[in-house]
1. Give me the number: length gained by fully extending ALA14 to LEU98, i.e. 0.36 nm times residue separation minus the C-alpha to C-alpha distance, one decimal in nm.
2. For every helix of n ≥ 4 consecutive DSSP H residues, a contribution of -39,500 (n - 2.57) applies; sum these over the chain, divide by its total residues, and give [θ] at 222 nm rounded to the nearest 500 deg cm²/dmol.
3. Around GLY51, what is the net charge, scoring Lys/Arg as +1 and Asp/Glu as -1 over all other residues with Cβ under 13 Å from its Cβ?
4. How much FRET efficiency would the formula 1/(1 + (r/R0)^6) give for ASN7 and ALA147, where r is the Cβ-Cβ distance and R0 is 41 Å, rounded to 0.05?
5. How big is the accessible area of ASP127 in square angstrom, nearest 10, if you roll a 1.4 angstrom probe over the protein chains?
6. Please report, as a whole percent, how much of the solvent-accessible surface of the range 106-173 comes from carbon and sulfur atoms (probe radius 1.4 Å).
7. Keeping all protein chains in place, calculate the accessible area per residue for the range 137-226 (probe 1.4 angstrom), answer in Å².
8. Take the alpha carbon atoms of the range 153-167, find their center, do the same for the range 1-63, and report the distance between the two centers in whole angstrom.
Amino acid sequence: LANALRNLALVLDARGQRDEALAMASQALADAERTLGPEHPDVAPFLNTLGLIQRRRDPAAAAATLARALAISTRTRGPRHPAVATSLVRLGEANLALARFDAAHDNFTAALAIREALGEGTPEVADVLADLGDLALARGRPTEAIAPLERARTIREKGGIPAHQLAAVRFSLARALQALPAGEGRDPTRAVDLAEESAEALRREGPAVAAELAAVEAWLKQAPRR
């Protein structure tokens, strides 16, 4: 039952029903803790889900939830387990939202090392690379963002992922290319092309990604092509 509730919470969150998703994820965690015990390794995924949903409204609460998930997975499964990488990624995203850039960098690089050891061209690796690119952009370092975002885009373009994830990395790469200093590969035309591809994909995804689409369209209105 707890697993069913957790999956429903993720669906509700993807549909933009944030309050319902948060309530359901909290209930799923409570059920799992009551059934398994609060320190059981299988409780960590419930914490990861709750932290993911919390991040959009309360990143500080999300960071606390995800730090607990990380501690449980590290202690019960070992520091190189894929479950540890998942918690590191989620915690890094919360730290990024809180502008704790050094902590986010440490989280993402540790997660990348675990995931690359399991296969360099996987969607899970692309997720961390995209996060590293977004971190570099948040720090105002577009040059540093290009390499991880290009790698993430290449992996995601092979398919097998939700369209909005490919759209997201294309938009991040577009912003990085636009922000590069002159003489360092700045390419406004390619940047706009990537953003338009992103917008096109998001339009097909429907209202669940309306906020993401609005951000891309707003950027396109002011982006020069040369």
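The values are calculated or read from the model by the stated rules, or taken from the named source; none is laboratory data. None of the values given here were measured: they were computed from a predicted structure. As a convention, Cβ positions derive from the backbone with ideal geometry for all residues, glycine included, and neighbour counts pool all protein chains shown. To get the accessible areas, we keep the full protein, side chains included, count just its heavy atoms, and leave off ligands, DNA and RNA. Shrake-Rupley method; radii C 1.70, N 1.55, O 1.52, S 1.80 Å.
1. Roughly 28.0 nm would be gained on extension.
2. That calculation yields -25500 deg cm²/dmol at 222 nm.
3. Residues near GLY51 contribute +3 overall.
4. 0.70
5. 50
6. Values: 1440 of 2790 Å².
It is 52 percent, rounded to a whole number.
7. Working: 4760 Å² over 90 residues.
Roughly 53 Å² per residue, with all protein chains present.
8. Between the Cα centre of the range 153-167 and that of the range 1-63, the gap is 25 Å.
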